[in-house]
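Just below is one structure, and these are the notes that go with it.
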Amino acid sequence: MDRRKNGSKHHLITDANGVPLATKLTGANRHDVTQLIPLVDAIPPVRGLPGAPLRKPGVVMGDRGYDSDGHRMKLSCRAIATEIARRNTPHGSGLGVYRWFVEQSLALMHQFKRLRVRDDRDDAVHEAFMTLACVVMCWRRLHASASFF
């Protein structure tokens with residue numbers, strides 16, 4: 001880990017269609033795997049069906065940066081399946097087809113200059129702009145899908 005690395009890192013968890021569910025802001029020197037469980041915990045309840053709202057995903061997919069046996073066990077104890085690529089294994093697992101939606105959402109988030117180039121010293125202000133970017137991304141996705149029906 002490079003302790004001297006400046007900047008910040010955006011962590012994002014999305015649904016299968018790329019709609020942002022939760023975001024986290026950390027220092028650029030933090031490993032991705034440290035934010036896996038906090039991101040899953042930050043997912044709000046999903047309403048719409050009768051009964052108790054859904055509070056957890058069925059499957060968590062991730063790239064090699066999220067590979068950790070300890071985190072796999074924690075998610076398994078919560079009855080959440082994992083499809084996370086293992087480190088030091090050959091590429092070609094097929095997860096890139098699904099990871100594309102997350103990468104696209106991160107690219108859309110970084111189209112907002114305020115998030116791409118961080119000028120804010122206060123984390124709360126930057127997180128507020130991250131939330132606004134997620135709102136705009138959700139509105140665009142929902143608006144685009146509503147025009148097809």
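The values are calculated or read from the model by the stated rules, or taken from the named source; none is laboratory data. From a predicted model like this one, the values you see are computed outputs, not experimental measurements. Cβ coordinates were reconstructed from backbone atoms using ideal geometry, including for glycine residues, and neighbour counts include every protein chain displayed.
Before moving on, here are some points about what is shown:
- Residue in segment 69-76 that is outside any loop (DSSP other than H, G, I, E, B), of a type outside the set (A, V, I, L, M), closer than 21 Å to M137 by Cβ and at pLDDT 80 or above present: no
- Residue selection: G18 satisfies the criterion of being in a loop (DSSP other than H, G, I, E, B), modelled with pLDDT under 85, in contact with a helix residue (DSSP H, G or I) (Cβ under 6 Å, 6 or more places away or on another chain) and surrounded by 14 or more Cβ atoms within 10 Å (Cβ to Cβ).
- Evaluated against (1) at pLDDT 85 or above; (2) closer than 27 Å to R64 by Cα; (3) in contact with a Lys or Arg (Cβ under 7 Å, 6 or more places away or on another chain), A133 falls short on exactly one condition, (3).
- Neighbours by Cβ (under 8 Å, 6+ apart or cross-chain): first from segment 73-88, surrounded by 12 or more Cβ atoms within 10 Å (Cβ to Cβ); second part of a loop (DSSP other than H, G, I, E, B) and among the acidic types (D, E): I84/D63; I84/D67; A85/D63; A85/D67
- Checking each residue of segment 91-108 against the condition of being within 16 Å of S8 (Cα to Cα) and either modelled with pLDDT of 80 or more or of a type outside the set (D, E) (or both) gives at least one match.
- Candidate set: segment 35-51, residues that are loosely packed, with under 15 Cβ neighbours inside 10 Å and farther than 20 Å from A133 by Cβ; chosen: the one modelled with the highest pLDDT: D41
- Cβ-Cβ under 7 Å pairs, at least 6 apart or on other chains, segment 43-70 side under 25 Å from D32 (Cα atoms), far side among the small types (G, A, S): I43/A22; G58/A81; V59/A81; D63/A85; R64/A85; D67/A85
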